[in-house]
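Structure first, then comments.
The values are calculated or read from the model by the stated rules, or taken from the named source; none is laboratory data. These numbers were taken from a predicted model, which means no experiment stands behind them. Every residue, glycine among them, receives a Cβ derived from its backbone with ideal geometry; neighbour counts consider all protein chains shown.
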Amino acid sequence: MTSHLRIAWPDPRLFRDRGGRPFRILAGADEVDGSLDSPVTRRNLGNIDLVVGCGDLPVDYLQFVVDAFNAPLAYVRGNHDVGGAWSSGEVTDLHLPVPLTDGRPWRSDGLTVIGFNGIPFHGGGGLQVRDFTTWRAVLWTWARLGWRGQRTPVLPISHVAPRGINDGPDRMHRGSLPLRWLAARLRPPLWLHGHTTLVTRRLEDRAIRRDGTLFYNAAGAILVELVPPGTELSSDLAALPDLSDEAQQHEDAGDVEEERVA
């Protein structure tokens, strides 16, 4: 079962040459979605403009999805994406692109994506990134996209969630403090991540809104449709409170909707 998320994208330039059609993203993290093996499911999902991987997905699965939908791929590595195919050269052999460089803008068909790999360093194994390294990438991103006034909406993707936003209570699943800082300043419409264990598949366990950004756990697979601003949407997501630091409700609270598709 694949979730279906629709969100109003505030930049009309993304749709200028699309005849009003949505920008369609198939995103996933942590778990292989077996329903994508079905040709019927893939046909029902329709054309995909971009495949997004938020980490801890097998190399051969990523390649399968890219080939099945004939779409470009933007992805980051999770903490388990070490050794095996990641160190044997199989990624290159399968002609996958390299993972996104932390904080460096990547563009596809008018959409700007920024990615962040791994999880914060905690002393165990896996792909861990020290805060100093992430801070450097975050500040570089802010210099490129933020304080210079270049506030075109971007889609951040990461494996770990920002600290205190949709993350977990234990040290292994605690979010990133530098990413929290960046989220509070960029305030993107949507932030996709993985890593946090889902207790249930209920919406309240998967998504949270803060300061106008919808943070969405992409575990499994989700079809994300970015639609032109002003598109009328109705959904349970509209009922999600905005947990801003100022505890204010933002006027864009109705700009997303979610449903489940086979």
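Here is a list of conditions, (1) in contact with a helix residue (DSSP H, G or I) (Cβ under 8 Å, 6 or more places away or on another chain); (2) within 21 Å of residue 122 (Cβ to Cβ); (3) not small (Gly, Ala, Ser), and residue 170 meets all of them except one; can you say which number that is?
(1)
Looking only at residues in region 55-76 that are small (Gly, Ala, Ser) and either within 13 Å of the chain's Cα centre (by Cα) or not in a helix (DSSP H, G or I) (or both), which one is modelled with the lowest pLDDT?
For region 55-76, the residue satisfying everything is 55.
Give me a count of the residues in region 27-39 that are touching a residue at least 60 places away in the same chain (Cβ under 8 Å), closer than 13 Å to residue 68 by Cβ and not in a loop (DSSP other than H, G, I, E, B).
Number satisfying all stated conditions: 3.
For residue 63, only one of the following conditions fails: (1) under 21 Å from residue 120 (Cβ atoms); (2) out of contact with any helix residue (DSSP H, G or I) (no Cβ under 6 Å at 6 or more places or on another chain). What is its number?
Every condition holds for residue 63 apart from (1).
Looking only at region 242-251, decide whether some residue is at pLDDT 75 or above, aliphatic (A, V, I, L, M) and either over 19 Å from the mean Cα position of the chain (by Cα) or under 19 Å from residue 25 (Cα atoms) (or both).
Checking region 242-251: not a single residue is at pLDDT 75 or above, aliphatic (A, V, I, L, M) and either over 19 Å from the mean Cα position of the chain (by Cα) or under 19 Å from residue 25 (Cα atoms) (or both).
Cβ-Cβ below 9 Å, separation at least six or inter-chain, first residue in region 58-81 and basic (Lys, Arg), second outside any loop (DSSP other than H, G, I, E, B): which pairs?
77/53; 77/86
Kindly state which helices (runs of 4 or more DSSP H) lie completely within region 92-211 and contain at least 3 residues that are at pLDDT 90 or above and either in contact with a His (Cβ under 6 Å, 6 or more places away or on another chain) or over 17 Å from residue 29 (Cα atoms) (or both).
Correct list: 131-145, 177-186.
Out of the residues in region 10-26 meeting the condition of being outside any strand (DSSP E or B) and in contact with a strand residue (DSSP E or B) (Cβ under 8 Å, 6 or more places away or on another chain), tell me which one is surrounded by the most Cβ atoms within 10 Å (Cβ to Cβ).
Here the residue is 14.
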